[in-house]
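> Please read through the structure below; I'll follow up with questions.
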Amino acid sequence: MTQGAGPAGRCPPGGALPLVPTHRPTDLPKGRTVTLTAPAGTAAPPTPPPDEAARPSAARRVWATVSPYAYIAPFFTLFAAFGLFPLVYTAFVSLYRVELQTPGDMEWRGLGNYTALFADEFFWTSLRNTFTIGVLSTVPQLVMALGLAHLLNYKLRGRTFFRTAMLLPYATSVAAATLVFAQLFGHDFGLVNYVLGLVGIGPVDWQTGTVASQVAVSTIVVWRWTGYNALIYLAGMQSIPSELYEAAEMDGASRWRQFLHVTLPGLRPTIVFTVVVSTIGATQLFGEPLLYEGSVSGGISHQYQTLGLYMYEQGWGFFHLGRAAAIAWVMFLLIVVLVGANALFARRRSRKEAGR
Amino acid sequence: MTTRAGRTLHGGKVAYAILILAVLVSAFPFYWTIVAASRSNADLAQVPPSLLPGPNLIRNIEAVMEEADIGTALVNSLIVSGSITVGTVLCCTLAGFAFAKLRFRGRGALLAVTVGTMMIPPQLGVIPLFMVIAELSWVNQLQSVILPGLVSAFGVFFMRQFLVQALPDELIEAARVDGASTARIFWSIVVPIARPGMAVLGLLTFMAAWNDFFWPIVALSSQNPTVQVALRQLGGGYVHDQSVIMAGTLLGTLPVLLVFGLLGRQIVGGIMQGAVKG
């Protein structure tokens, strides 16, 4: 389980795919693909009872009320054991001293793990790095994805080819992608520095430079996820009704203005969705900084160590599982805050727009 | 003249140029992997670098087989990803069917919990999970990766959405009237209809399981690695020959690329479909 890496929690399709662009802009007629949102109740219309003539026996009726639970039981058993329980128990573990070699021995520590955490300068470094790498990877990724989706939405020869080719990086593992990029970014013999050298730049120190190393790590994330997000945007664009474009055209709106005033508002739920997913992915970024140079410290002076990597270092490098659990819990709170802020911002925007 | 998908593009050349550039950027690292894996370490330390494949591929593959046990890793990854895929698709189809078409107490709440946890990265539960498998002495055994891998809230939601649309209520009613049990209905009506959704979920699950990183490197070690664990070991600095590392990367990526090459179109479809339905 765990970690699809970049944007996308684990079942990469996992958390990633189709979460819920829940609200559709009210100013748009619904696209032909009706959005199915999750909330209860909206499911299937109630099944009418079976024909009276074929009255089922009492045993059978009991089975009919019980059997649905048999269908969800396999999933929920696994879910409770390997999904929900660990998540909740993390908070509990974070209040104890637990060492990797003897995970059975737990010693009460109260908030000690947290105070130790906040006193550690490398915690703050990794928090800062997570933020800057998050911005460096998420923003270019989503902007480029939007542009590519716009182009993919045109009538094109070989469009299946373009779509598939762009998803290729998504099929690679974090580990494989990082090992290749680590080589491309090599200081003396890396291809990137060679090409930069041709135009008179460099050589850039992609390993020890703080900004440079963070750019390099972010590049891996951008490479892996841009195509994926482009397809998500493309799907959103295709559900924007063509009449809106026709109307805009009739009003003499230029193509650029159509993009600004039809495409972007129509995509808002999709954009919110991708921002949330990428934010969650960025918060737990782990494999890229770990394998970029292969060390748990994220560079000589921790210059690109992220929170995810810091957690791994504490837990499996220094054997402090309790401390690692505290970091996990901090990451969880961070995600809650970021996603909440995002939702709030999105709602404020759409209300403002509606009020105009 | 604007129709949705058929908007004709002025300046089409620019659009094609940008798209082709994007494809090249997407594909280049793969090409580079092949180049680097088929050369020698000395070749890679040359200026200007060589951009064409060399003759050393077989030698490098033999070396990486020896140094990182990629052979075992490939077999293990196949077992792990295969089991996770079959198990996940089965569990999710069962639960998805119940959530889509059966009525029972607590359905709404349970579905809400499932969907809610899709947003929470399971990476955050890794520590207790590790304590559990340590308690069970499962460290370094494949079931420690397989069992947690079966939990896919996304999959349940995906199958539910698929079945809500694809499976008409009348069909179930008709079967009920004919006296079919729910189990019978599931196997002879639901599964055949759910097959396209199951296929897409299976593909996505397989790729995700193959590429999963954090949990396998925690739960397994180089004694019994999956591909990603072996790659982590290769990148851990104890193999210094870059061309050997790249040979390992190539071998570890090839199986997913194969799946992607054969079924890429379905994967693209699945992702786009998922995005709209969500």
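The values are calculated or read from the model by the stated rules, or taken from the named source; none is laboratory data. Bear in mind the structure is a predicted one, so any value in this text is a computation, not a measurement. Because the Cβ atoms are built from the backbone with ideal geometry, glycine has one as well, and the counts that use them run over all protein chains shown.
> With the structure loaded, tell me whether A:A216 is of a type outside the set (D, E), more than 10 Å from every other protein chain (Cβ to nearest Cβ) and either part of a loop (DSSP other than H, G, I, E, B) or buried (at least 19 other Cβ atoms within 10 Å of the Cβ) (or both) or whether it fails that test.
Spelling it out, A:A216 is indeed of a type outside the set (D, E), more than 10 Å from every other protein chain (Cβ to nearest Cβ) and either part of a loop (DSSP other than H, G, I, E, B) or buried (at least 19 other Cβ atoms within 10 Å of the Cβ) (or both).
> Within segment A:252-304, work out how many residues are under 20 Å from B:V239 (Cα atoms) and in a helix (DSSP H, G or I).
Qualifying residue count, segment A:252-304: 7.
> Can you report the number of residues in segment A:194-213 which are within 16 Å of B:P29 (Cβ to Cβ) and surrounded by fewer than 22 Cβ atoms within 10 Å (Cβ to Cβ)?
2
> Are any residues in segment A:153-170 buried (at least 19 other Cβ atoms within 10 Å of the Cβ), part of a loop (DSSP other than H, G, I, E, B) and among the hydrophobic types (A, V, I, L, M, F, W, C), and if so, which ones?
Scanning segment A:153-170 gives no hits.
> Do you know which residues across segment A:171-199 are in a helix (DSSP H, G or I) and more than 8 Å from every other protein chain (Cβ to nearest Cβ)?
A:V192, A:N193, A:V195, A:L196, A:G197, A:L198 - these are the residues of segment A:171-199 that are in a helix (DSSP H, G or I) and more than 8 Å from every other protein chain (Cβ to nearest Cβ).
> How many residues, within segment A:314-327, are part of a helix (DSSP H, G or I) and in contact (Cβ under 8 Å) with a residue 24 or more places away in the chain?
Selection size over segment A:314-327: 8.
> Take the residues of segment B:105-130 that are β-branched (V, I, T) and surrounded by fewer than 24 Cβ atoms within 10 Å (Cβ to Cβ): which is farthest from the other protein chains (Cβ to nearest Cβ)?
Step by step, filter segment B:105-130, then rank; the result is B:V113.
> Return yes or no: is A:P241 under 22 Å from the mean Cα position of the chain (by Cα), within 11 Å of chain B (Cβ to nearest Cβ) and either surrounded by fewer than 24 Cβ atoms within 10 Å (Cβ to Cβ) or among the β-branched types (V, I, T) (or both)?
no
> Does A:W108 satisfy the criteria of being surrounded by fewer than 16 Cβ atoms within 10 Å (Cβ to Cβ) and touching a residue at least 12 places away in the same chain (Cβ under 8 Å)?
Yes: the conditions hold for A:W108.
> Can you tell me which residues in segment B:226-255 are among the polar types (S, T, N, Q) and surrounded by fewer than 24 Cβ atoms within 10 Å (Cβ to Cβ)?
Of everything in segment B:226-255, those that are among the polar types (S, T, N, Q) and surrounded by fewer than 24 Cβ atoms within 10 Å (Cβ to Cβ) turn out to be B:Q233, B:Q242.
> Across segment B:27-53, what is the number of residues that are of a type in the set (G, A, S), surrounded by fewer than 21 Cβ atoms within 10 Å (Cβ to Cβ) and at pLDDT 90 or above?
Number satisfying all stated conditions: 1.
> Turning to a different aspect of this structure: Could we say that B:A95 is farther than 30 Å from A:A70 by Cα, in contact (Cβ under 8 Å) with a residue 40 or more places away in the chain and either in contact with a Pro (Cβ under 7 Å, 6 or more places away or on another chain) or not hydroxyl-bearing (S, T, Y) (or both) here?
Against the criterion (farther than 30 Å from A:A70 by Cα, in contact (Cβ under 8 Å) with a residue 40 or more places away in the chain and either in contact with a Pro (Cβ under 7 Å, 6 or more places away or on another chain) or not hydroxyl-bearing (S, T, Y) (or both)), B:A95 does not qualify.
> Can you say whether B:T93 is modelled with pLDDT of 95 or more, surrounded by 16 or more Cβ atoms within 10 Å (Cβ to Cβ), over 23 Å from A:A176 (Cβ atoms) and among the polar types (S, T, N, Q), as far as the supplied structure shows?
Taking the combined requirement at face value, the residue satisfies it.
> Another question, then. Does B:S81 satisfy the condition of being within 22 Å of B:G248 (Cα to Cα), in contact with a helix residue (DSSP H, G or I) (Cβ under 9 Å, 6 or more places away or on another chain), within 11 Å of chain A (Cβ to nearest Cβ) and in a helix (DSSP H, G or I)?
Criteria not met by B:S81.
> If you don't mind, there's one more thing I want to ask. In segment A:249-268, what residues are surrounded by fewer than 20 Cβ atoms within 10 Å (Cβ to Cβ) and either among the small types (G, A, S) or within 30 Å of A:V174 (Cα to Cα) (or both)?
Correct list: A:G252, A:A253, A:S254, A:R268.
> Which one is nearest to the other protein chains (Cβ to nearest Cβ), of the residues in segment A:115-161 that are under 25 Å from B:G264 (Cβ atoms) and charged (D, E, K, R)?
Among residues in segment A:115-161 that are under 25 Å from B:G264 (Cβ atoms) and charged (D, E, K, R), the one nearest to the other protein chains (Cβ to nearest Cβ) is A:K155.
> Does any residue of segment A:318-333 turn out to be of a type outside the set (D, E, K, R) and under 14 Å from the mean Cα position of the chain (by Cα)?
Taking every residue of segment A:318-333 in turn, at least one turns out to be of a type outside the set (D, E, K, R) and under 14 Å from the mean Cα position of the chain (by Cα).
> Can you tell me which condition A:R224 does not meet? The list is (1) closer than 25 Å to A:G134 by Cα; (2) surrounded by fewer than 16 Cβ atoms within 10 Å (Cβ to Cβ); (3) charged (D, E, K, R), and all the others hold.
If we test A:R224 against (1) closer than 25 Å to A:G134 by Cα; (2) surrounded by fewer than 16 Cβ atoms within 10 Å (Cβ to Cβ); (3) charged (D, E, K, R), just (2) comes out false.
> Output the residues belonging to segment A:136-158 that are under 17 Å from the mean Cα position of the chain (by Cα) and touching a residue at least 12 places away in the same chain (Cβ under 8 Å).
Once the filter is applied, which keeps residues that are under 17 Å from the mean Cα position of the chain (by Cα) and touching a residue at least 12 places away in the same chain (Cβ under 8 Å), segment A:136-158 yields A:L136, A:S137, A:T138, A:P140, A:Q141, A:L142, A:M144, A:A145, A:L146.
> Residue by residue through segment A:269-305, note down the ones that are among the polar types (S, T, N, Q), within 12 Å of chain B (Cβ to nearest Cβ) and surrounded by fewer than 21 Cβ atoms within 10 Å (Cβ to Cβ).
Of everything in segment A:269-305, those that are among the polar types (S, T, N, Q), within 12 Å of chain B (Cβ to nearest Cβ) and surrounded by fewer than 21 Cβ atoms within 10 Å (Cβ to Cβ) turn out to be A:T279, A:S295.
> Since A:V330 meets every condition but one in (1) under 20 Å from B:D212 (Cβ atoms); (2) surrounded by fewer than 24 Cβ atoms within 10 Å (Cβ to Cβ); (3) among the aliphatic types (A, V, I, L, M); (4) in contact (Cβ under 8 Å) with a residue 24 or more places away in the chain, which condition does it not meet?
(1)
> Of everything in segment B:54-63, what is in a loop (DSSP other than H, G, I, E, B) and either at pLDDT below 90 or surrounded by 12 or more Cβ atoms within 10 Å (Cβ to Cβ) (or both)? Give them in sequence order.
Once the filter is applied, which keeps residues that are in a loop (DSSP other than H, G, I, E, B) and either at pLDDT below 90 or surrounded by 12 or more Cβ atoms within 10 Å (Cβ to Cβ) (or both), segment B:54-63 yields B:G54, B:N56.
> Which one of these is more than 9 Å from chain B (Cβ to nearest Cβ), among the charged types (D, E, K, R) and touching a helix residue (DSSP H, G or I) at 6+ places or on another chain (Cβ under 6 Å): A:R97, A:R109?
It is A:R97.
> Restricting attention to segment A:90-110, does a residue exist that is at pLDDT 90 or above, of a type in the set (G, A, S) and part of a loop (DSSP other than H, G, I, E, B)?
Taking every residue of segment A:90-110 in turn, at least one turns out to be at pLDDT 90 or above, of a type in the set (G, A, S) and part of a loop (DSSP other than H, G, I, E, B).
> Right, next: Against the conditions (1) within 23 Å of A:F273 (Cα to Cα); (2) modelled with pLDDT of 95 or more; (3) among the polar types (S, T, N, Q), where does A:T178 fall short? Just the number, please.
A:T178 satisfies all of (1) within 23 Å of A:F273 (Cα to Cα); (2) modelled with pLDDT of 95 or more; (3) among the polar types (S, T, N, Q) except (1).
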